[in-house]
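All remarks here apply to the structure that follows.
The values are calculated or read from the model by the stated rules, or taken from the named source; none is laboratory data. This structure is a prediction, so every number in the text was calculated from the model and none was measured. So basically every Cβ, Gly included, is an ideal-geometry build from the backbone, and we count neighbours across all protein chains shown.
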Amino acid sequence: MTFRKGLRDGLPIGLGYLSVSFAFGMMAVRAGFTVAQAVFISATNVTSAGQFAGLTLISAGASMYELGLTQFVINLRYALMSLSLSQKLDNSMTTLHRMLFAFCNTDEVFAVASGQKGLVGRRYLYGLITLPIAGWVLGTLLGAAAGTLLPELIINALGVAIYGMFIAIVIPPAKNDRAVRVAAVAAAALSCVLYYAPGLKNISSGFSIIICAVAVSAFCAWRFPIRVDEKEDAAP
Amino acid sequence: MTWRYILPYVLVMAGVTYLIRMLPLAALRKRIKNRFFLSLLYYVPYAVLSAMTFPAVFYATGSVLAGGAAVAVALVLAWKEQSLLTVAVAASVGALIVLAIGG
């Protein structure tokens, strides 16, 4: 669990972020932000869905309250992830380090860190977030500076990169663990129901994710409780 | 837009996002013992990623077919336990091919 292993695990995340943040930079410039402002947003927020929503709200002159509330709902899922990750940290993660690391606890960083066997420590986590932050900021810069020069076809195709990465994180454990398979399929199904069902369309995507995560995880926890002693033994 | 105009907005966004991430991590120092709660936390990442992917992936390119192609490619490669990067790039190439032939 060294810094180097963290870097290696973070490389694909960083490369995946390049394409998503590239799209963000491009859209920010189209919405009237300067290149420097787009990069500043990425460097201070490090969150995909929240930033995209922020672009629309800021350029429309929304109230601070509305912006804050939207970010809260879209990003509330991170509270669940941080809660979950708090159980996987070893003693090297003191309060100060937890506060520093939290800045970059993104969906993918969280998923990769939770996928490790046993507890994770400071060196590994700092290695893990280095390239994702670099990729996120660099991609924004490139997208803002040059995004409008790329063919539309390629820009559109890059939109699925992040989902490919999500699938790559979920499938391997789902292959071996029936409960994870149930959780993944049920969450996808529920998410589609919330999206397509008439009358439920007003649920924001951030809130829909929270509903799916809580409902499906609670169901699986009830039906397929994990073996607790096994988890504690897994500590290095 | 001027810095004067965007700065308060961006700081609100960044502040809200950071606090949501930081508070549970910094405040929860104890090991949770409750088996149900531990199990719930174990399933959260898979449920979150799955809910974020579907149905959003079908609308990520402007073509539902291209999104479907990306999902198919990603599922096969992920099943073969290829790296995150390989799967992400191959999914994009799959979508690109469908988009290029006008799907």
In segment A:196-214, is there at least one residue being closer than 19 Å to B:L38 by Cβ and either at pLDDT 95 or above or under 22 Å from the mean Cα position of the chain (by Cα) (or both)?
yes
For A:V137, state whether it is touching a residue at least 40 places away in the same chain (Cβ under 8 Å), crowded, with 17+ Cβ neighbours inside 10 Å and closer than 22 Å to B:Y43 by Cα.
no
Residues of segment A:154-185 being in contact with a Cys (Cβ under 7 Å, 6 or more places away or on another chain) and crowded, with 24+ Cβ neighbours inside 10 Å, in sequence order, are A:A183
Of all helices (runs of 4 or more DSSP H) completely enclosed by segment A:71-186, which ones contain at least 1 residues that are acidic (D, E)?
A:107-115, A:152-158
For segment B:91-103, give me each residue that is more than 7 Å from every other protein chain (Cβ to nearest Cβ) and of a type in the set (A, V, I, L, M, F, W, C).
B:V93, B:I97, B:V98, B:I101
Would you pick out the residues in segment B:9-53 that are more than 7 Å from chain A (Cβ to nearest Cβ) and part of a helix (DSSP H, G or I)?
B:L11, B:G15, B:L19, B:L23, B:A27, B:F37
Could you say whether any residue in segment A:122-143 is within 7 Å of chain B (Cβ to nearest Cβ) and modelled with pLDDT under 95?
no
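Residue-wise test of (1) buried (at least 24 other Cβ atoms within 10 Å of the Cβ); (2) small (G, A, S).
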| position | (1), (2) |
| --- | --- |
| B:F36 | no, no |
| B:V76 | no, no |
| B:V87 | yes, no |
| B:L96 | no, no |
| B:A100 | no, yes |
Within segment A:1-36, restricting attention to residues that are polar (S, T, N, Q) and surrounded by fewer than 23 Cβ atoms within 10 Å (Cβ to Cβ), which residue is nearest to the other protein chains (Cβ to nearest Cβ)?
A:T34
